[in-house]
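Trainee: I am attaching a structure below and will ask some questions about it afterwards.
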Amino acid sequence: MKSITINGSQRESVGKKATKALRNAGQVPCVLYGGDKPVHFSADEIAFSKLVYTPNAHTVVIALENGETYNAVLQDIQFHPVTDAILHIDFYQLFEDKEITMEIPVVLIGNSRGVKNGGVLRKNKRSLRVKALPANLPDFIEADITPLKIGGKLYITTLENDAYKFMHPDNTVVCQVRRSRTSVDVEDEDEEEEVEAAAAE
């Protein structure tokens, strides 16, 4: 998985006044959990743009001025209700030998048979929650929709992988092709294929 480096400064004071002063200076107060003790730090708001304003999943390298570095993932983020400015971010520290749970985006590939026949593709899950060792976390999860007919559903069980575990029930639908007014019936679709096969012969 791709990693983004966040250069920050450790915070000595974590009170309301200090936090407000940081925000006024364009800094975002952050906390890193998961280690022996929480690490409080801050960084320029612009440093988080590639991490926050993207559909892609990333791990993070937090590099502090004192030379300490931590591998982490974004756990929680708070925005201002009016301005959408970032108010606070929580990170969770990664360890090579400890599994982590993370939301990974789904990328659909292929051309659905059902969509070709006028059906409408519905994305039920744009991301999936997976559990894995940090080294096994994928950048994205590919879902091949080519075999989907009208009325067909792609279940999470078809995407199973030995490198990570899905944290969803087996009957979770990732996407499906729904009927539309202009769609060809599933039976018609099969007939059409038989006619095409016969013509090819």
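The values are calculated or read from the model by the stated rules, or taken from the named source; none is laboratory data. Note that this is a predicted model, so its numbers are computed, not measured. Glycine gets a Cβ as well: all are built from the backbone with ideal geometry, and neighbour counts include every protein chain shown. Heavy atoms of the whole protein, side chains included, go into the accessibility calculation; ligands, DNA and RNA do not. Shrake-Rupley method; radii C 1.70, N 1.55, O 1.52, S 1.80 Å.
Trainee: Quick one: if you take sqrt(5λ) for each eigenvalue of the C-alpha gyration tensor of the range 32-113, what semi-axes come out, biggest first, whole angstrom?
Mentor: 26, 19, 11
Trainee: If I compute solvent accessible area with a 1.4 Å probe over the protein chains, what percent of it on the range 126-170 is carbon and sulfur?
Mentor: Of the solvent-accessible surface of the range 126-170, carbon and sulfur hold 47 percent.
Trainee: Across 10 Å bins from the origin, how do the percents of Cα pairs in the range 1-79 run, short distances first?
Mentor: Percent of Cα pairs in each bin: 17, 54, 27, 2.
Trainee: Taking the Cα centre of the range 67-140 as origin, work out the dipole magnitude from +1 charges on Lys and Arg Cβ and -1 charges on Asp and Glu Cβ, in debye rounded to 20.
Mentor: Charge dipole of the range 67-140: 880 debye, to the nearest 20.
Trainee: Something else now. Using the beta-carbon distance between Leu133 and Val14 and R0 = 35 Å, what value does 1/(1 + (r/R0)^6) give for FRET efficiency, to the nearest 0.05?
Mentor: Taking R0 as 35 Å, the efficiency between Leu133 and Val14 is 0.65.
Trainee: Please give the charge dipole size of the chain, origin at the Cα centre, charges +1 on K and R Cβ atoms and -1 on D and E Cβ atoms. Round to the nearest 20 debye. Could you put the intermediate results ahead of the total?
Mentor: Numbers: 23 positive and 30 negative charges, 278 e Å.
Dipole about the Cα centre, nearest 20: 1340 debye.
Trainee: With the other protein chains left in place, how much accessible area per residue, in square angstrom, belongs to the chain at a 1.4 angstrom probe?
Mentor: Values: 12350 Å² over 201 residues.
About 61 Å² of surface per residue is accessible.
Trainee: Which one of Met167, Tyr155, Phe41 has its Cα pushed farthest toward the positive end of the charge dipole of the chain, where Lys and Arg give +1 and Asp and Glu give -1 at the Cβ?
Mentor: Phe41
Trainee: Ordered by packing density, taken as the mean number of other Cβ atoms within 10 Å over each peptide's residues, highest first, how do 95-105, 14-24, 148-158 rank?
Mentor: Highest mean packing first, the order is 148-158, 95-105, 14-24.
Trainee: Here's something else I'd like to know. For the peptides 61-69, 129-137, what is the packing order when you average, over each peptide's residues, the other Cβ atoms within 10 Å and list the highest mean first?
Mentor: Ranked by mean Cβ neighbours within 10 Å, highest first: 129-137, 61-69.
Trainee: While we're on this one: Which value, to two decimals, describes the C-alpha radius of gyration of the range 53-166 once divided by 2.2 N^0.38 Å?
Mentor: 1.36
Trainee: Can you tell which of Pro29, Pro138, Pro169 shows the greatest fluctuation in a Gaussian network model of the chain with Cα springs below 10 Å?
Mentor: Looking only at Pro29, Pro138, Pro169, the biggest GNM fluctuation is shown by Pro169.
Trainee: Sticking with this one: Report, in deg cm²/dmol and to the nearest 500, the calculated mean residue ellipticity at 222 nm for the chain, where each DSSP H run with n ≥ 4 adds -39500 (n - 2.57) and the sum is divided by the residue count.
Mentor: -4500 deg cm²/dmol
Trainee: Express in Å², to the nearest 10, the accessible area of Val73 obtained by rolling a 1.4 Å probe over the protein heavy atoms while all chains stay in place.
Mentor: Here the residue's solvent-accessible area equals roughly 10 Å².
Trainee: List the equivalent ellipsoid semi-axes of the chain in whole Å, largest first, each obtained as the square root of 5λ for an eigenvalue λ of the Cα gyration tensor. Before the final figure, lay out the partial values.
Mentor: Working: eigenvalues 427, 69, 31 Å².
Three semi-axes, in Å: 46, 19, 13.
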